[in-house]
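Structure record follows, encoded as structure tokens.
The values are calculated or read from the model by the stated rules, or taken from the named source; none is laboratory data. These figures come from a predicted structure and were not determined experimentally. No Cβ is skipped: glycine too gets one built from the backbone with ideal geometry, and neighbour counts run over all protein chains shown.
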Amino acid sequence: MTELICIVCPKGCHLHVDEKNGYTVTGNACPRGAIYGKKELLHPTRTITSTVRIEGASIPRVPVKTDRDIPKEDIFAAMKLLDSVTLQAPVHVGDIVVANILGLDANFVVTRSLEQATDSD
Ligand code: SF4
């Protein structure tokens, strides 16, 4: 039996996952917790949020995230890909920063639009 906190919503239900009984989940207040608990043990994934450098904007970094979950074991390698990225303003929400991360069919996308800075910025 493995104990987990469900991270799908802020309620944070305490889950018990029974590996010896088909990964049956108890303690979940809704079906999403059962899906999360089973997946977390069999194939854990996460959405990654980070920032990348941007030139020509009023701030030096712009937030990005993956547009779908990627396997937990690939997070470090995926984050490394962002080190070499420098965007040029303007950028818009949804712009692809890194396409098809590590061949995982997920992209890093911009999550905040930034216009080109003017002298008054
Ligand atoms: S089990 Fe459902 S209600 Fe409980 S934290 Fe997870 S998503 Fe939220």
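Of note:
- A count restricted to the range 88-114 and to residues that are touching a residue at least 40 places away in the same chain (Cβ under 8 Å), within 11 Å of D67 (Cβ to Cβ) and of a type outside the set (F, W, Y) stands at 6.
- Hits in the range 6-41 (condition: aliphatic (A, V, I, L, M) and either more than 8 Å from the ligand (Cβ to nearest atom) or more than 19 Å from the chain's Cα centre (by Cα) (or both)): L15, V17, V25, A29, A34, I35, L41
Rundown of residues vs (1) under 25 Å from C9 (Cα atoms); (2) touching a Leu at 6+ places or on another chain (Cβ under 7 Å); (3) not small (G, A, S), yes/no style:
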residue	(1), (2), (3)
R61	no, no, yes
D67	yes, no, yes
E73	yes, no, yes
D83	no, no, yes
H92	no, no, yes
A106	yes, no, no
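- Verdict on A77 being of a type in the set (A, V, I, L, M), at pLDDT 95 or above and surrounded by fewer than 16 Cβ atoms within 10 Å (Cβ to Cβ): yes
- Hits in the range 65-97 - residues which are more than 20 Å from P44 (Cβ to Cβ) and among the β-branched types (V, I, T): V85, T86, V91, V93, I96, V97
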